[in-house]
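First the structure, in the form of structure tokens, and then the observations on it.
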Amino acid sequence: MRKITYAEAIREAMTQEIKANEDVYILGEDIGIYGGAFGLTNGMEEELGRENVMSTPISESAISGVAVGSALTGMRPILELQFSDFITIAMDNIVNQAAKLRYMNGGKGSIPIVVRTPGGSGAGFAAQHSQSLEAWTAHIPGLKVVQPSTPYDAKGLFKAALDDNNPVIFYEHKLLYGLKGEVPEETYSIPLGKADVKREGTDVTVVATSIMVHRALQAAEELEKQGISVEVIDPRTLVPLDIDTIVESVKKTSRAVVVYEAVQRGGYGAEIASLINESEAFDYLDAPVVRLGGKAVPMPYNMNLEKQAVPQVEDIIIAVKSTIAPVTI
């Protein structure tokens with residue numbers, strides 16, 4: 001099977017869906033000739049036309065309102081926000097309108113929007129362009145939240161997100177755009193709410209999201225050399241969350257570490273840890289569930305400090321070992 005990048009997989013998914021459905025279009029800042037902030041829409045305007053690939057003014061509030069309004073009329077917009085940090089400017093339309101209008105109208109109408117936006121750190125973009133805010137949107141009833149970690153997952157999950165009649169926030173990670181992987185040319189769909197076991201193991205379950213999936217896999221390889229078998233679970237979607245796959249894994253390994261890039265305080269890892277503790281897996285635990293998230297600091301511009309602000313491979317190794325031989329303080 002051919003290999004393409006994470007960015008190419010998403011572009012291909014968008015192109016195929018726009019060609020297949022006249023109701024689908026994409027709008028966003030500089031997505032036409034410029035190709036968007038990260039080049040994901042390069043060539044799409046020329047191939048699909050300006051009516052399907054709409055460059056907009058720099059106003060996240062305005063363009064999110066356009067997306068909500070057009071969805072109410074039966075369109076299926078893809079809204080590109082240049083950085084996930086900018087979702088804060090579009091929050092009223094996403095949280096107070098898109099997430100609630102179907103409920104407030106007694107189930108009449110739907111808001112089939114996919115909000116695509118790159119998040120995460122590691123590129124030296126500093127405090128206002130490097131955040132991981134997925135917990136904010138996962139907190140809101142009415143929104144679905146997706147975090148693909150591989151090119152294959154990105155294309156399949158995007159198709160599922162676009163077919164959904166509810167608003168979906170599709171978080172892409174900047175550092176994954178260049179990652180290559182096997183991706184079918186034809187369209188396919190990965191159900192929202194179905195986790196993936198990225199690596200099987202027997203001693204510890206590591207639940208990791210987005211780019212942390214890859215760091216967890218690197219940590220697992222190193223730990224295997226030390227005689228520790230790690231199972232890595234990628235939820236792929238935070239809402240809906242496939243807690244059943246996580247619980248079954250923890251029942252097998254009796255230990256769990258939850259790894260995510262966002263600030264640990266108030267992060268989504270606390271939700272997963274709590275769900276494990278409230279499940280039948282609790283009776284199988286041989287150690288407390290460990291959370292490993294980012295430090296509670298604005299993301300530094302200095303790339304050495306930036307690296308220290310979020311979990312790295314060596315941090316995951318330490319966290320895994322702490323569940324096997326808890327440190328007494």
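Below are the figures for this structure:
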{"item": "Candidate set from the stretch 257-267 (those that are closer than 19 Å to A138 by Cβ and aliphatic (A, V, I, L, M)); member that is surrounded by the fewest Cβ atoms within 10 Å (Cβ to Cβ)", "result": "V263"}
{"item": "Neighbours by Cβ (under 6 Å, 6+ apart or cross-chain): first from the stretch 192-219, among the charged types (D, E, K, R) and outside any loop (DSSP other than H, G, I, E, B); second at pLDDT below 95 and open to solvent by 50 Å² or more (accessible area, probe 1.4 Å)", "result": "none"}
{"item": "Residue match in the stretch 70-90 (condition: assigned to a loop (DSSP other than H, G, I, E, B), over 20 Å from K159 (Cα atoms), small (G, A, S) and at pLDDT 95 or above)", "result": "yes"}
{"item": "Verdict on D286 being outside any helix (DSSP H, G or I) and among the acidic types (D, E)", "result": "yes"}
{"item": "Some residue of the stretch 122-134 being among the charged types (D, E, K, R) and modelled with pLDDT of 95 or more", "result": "yes"}
{"item": "Residue among A98, A135, A123 that alone is small (G, A, S) and within 23 Å of I233 (Cα to Cα)", "result": "A135"}
{"item": "Condition check for V297: among the aliphatic types (A, V, I, L, M) and under 23 Å from E222 (Cβ atoms)", "result": "no"}
{"item": "Residue selected from the stretch 120-141 under the condition within 22 Å of V168 (Cβ to Cβ) and not aliphatic (A, V, I, L, M), by the criterion most open to solvent (accessible area, probe 1.4 Å)", "result": "H139"}
{"item": "Answer residue from the stretch 196-248, given it is farther than 23 Å from S130 by Cβ and in contact with an Asp or Glu (Cβ under 6 Å, 6 or more places away or on another chain) and is most open to solvent (accessible area, probe 1.4 Å) among those", "result": "E200"}
{"item": "Lone qualifier among V66, V95 - being at pLDDT 95 or above, in a helix (DSSP H, G or I), open to solvent by 40 Å² or more (accessible area, probe 1.4 Å) and β-branched (V, I, T)", "result": "V66"}
{"item": "Which listed residue is under 23 Å from Y188 (Cα atoms) and surrounded by fewer than 21 Cβ atoms within 10 Å (Cβ to Cβ), from E47, E29, E80", "result": "E47"}
{"item": "Odd one out for N105, checked against (1) without any contact (Cβ under 8 Å) to a residue 60 or more places away in the chain; (2) open to solvent by less than 40 Å² (accessible area, probe 1.4 Å)", "result": "(2)"}
{"item": "V250 vs. criteria outside any strand (DSSP E or B) and not small (G, A, S)", "result": "yes"}
{"item": "T88 vs. criteria free of Cβ contacts under 8 Å to residues at least 40 places away in the same chain and surrounded by fewer than 17 Cβ atoms within 10 Å (Cβ to Cβ)", "result": "no"}
{"item": "Selection within the stretch 145-189 - in a loop (DSSP other than H, G, I, E, B), among the aliphatic types (A, V, I, L, M) and surrounded by 21 or more Cβ atoms within 10 Å (Cβ to Cβ)", "result": "V183"}
{"item": "Residue check for G269: closer than 15 Å to L133 by Cβ and assigned to a helix (DSSP H, G or I)", "result": "yes"}
{"item": "Inter-residue pairs, beta-carbon under 8 Å, first part of a helix (DSSP H, G or I) and in the stretch 294-314, second surrounded by fewer than 18 Cβ atoms within 10 Å (Cβ to Cβ) and at pLDDT 95 or above, 6+ apart", "result": "Q308/K295; A309/K295; A309/V297; V313/Q218; V313/E222"}
{"item": "Residues located in the stretch 1-26, provided they are buried (at least 21 other Cβ atoms within 10 Å of the Cβ) and of a type in the set (G, A, S)", "result": "A7, A9, A13"}
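The values are calculated or read from the model by the stated rules, or taken from the named source; none is laboratory data. Just so we're clear, the structure is a prediction, and the values are computed from it rather than from any experiment. Don't worry about glycine lacking a Cβ; one is built from the backbone with ideal geometry, like all the others, and counts go over all protein chains shown. Areas reflect the complete protein model, heavy atoms only, side chains present, ligands, DNA and RNA absent. Shrake-Rupley method; radii C 1.70, N 1.55, O 1.52, S 1.80 Å.
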